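Student: Next up is a structure, given as structure tokens.
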């Protein structure tokens, strides 16, 4: 089950999400995440997810490449070094395949809107029109 143990606002404009196992959904944690993200509507801050143990990413972080912290033999030094690196190179935390899927879906959506607009335009052309329309 997805649950979080904290989200900290970094001075450099980043969020660090520690996501660990929990026996039940933590509504307070979900509210905290939502509140943090509402403060960054353009998602301009770096978001670094850290998965503690065997857990899944929450939906709003699925476009990020998570760091992993094993619970049996945690490597805290390695984790801190990786976080420091991602703070300097934030683009490395973004999953490029996720953005490519998003671009493809956006292109398909645009094509669908174009088809709909052309069909609507054709349907309007076949409807009878009044020769004179008075406007108030």
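Student: So which pairs qualify, if the first residue must be in region 35-53 and part of a helix (DSSP H, G or I), the second must be at pLDDT below 80 and surrounded by 10 or more Cβ atoms within 10 Å (Cβ to Cβ), the Cβ gap must be under 6 Å, and the two must be at least 6 apart or on different chains?
Tutor: 36/7
Student: Can residue 6 be described as in contact with a strand residue (DSSP E or B) (Cβ under 8 Å, 6 or more places away or on another chain), modelled with pLDDT of 85 or more and surrounded by fewer than 15 Cβ atoms within 10 Å (Cβ to Cβ)?
Tutor: It is false that residue 6 is in contact with a strand residue (DSSP E or B) (Cβ under 8 Å, 6 or more places away or on another chain), modelled with pLDDT of 85 or more and surrounded by fewer than 15 Cβ atoms within 10 Å (Cβ to Cβ).
The rows are residues; the columns are (1) in a helix (DSSP H, G or I); (2) more than 19 Å from residue 57 (Cα to Cα); (3) modelled with pLDDT of 85 or more.
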| site | (1), (2), (3) |
| --- | --- |
| 72 | no, yes, yes |
| 80 | yes, yes, yes |
| 83 | yes, no, yes |
| 108 | yes, yes, yes |
| 111 | yes, yes, yes |
| 120 | yes, yes, yes |
| 123 | yes, yes, no |
| 130 | no, yes, no |
| 136 | no, yes, no |
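The values are calculated or read from the model by the stated rules, or taken from the named source; none is laboratory data. Since the model is a prediction, treat every value here as computed from it, not as a measurement. For neighbour counting, all protein chains shown are included, and Cβ atoms are generated from backbone atoms with ideal geometry for every residue, glycine included.
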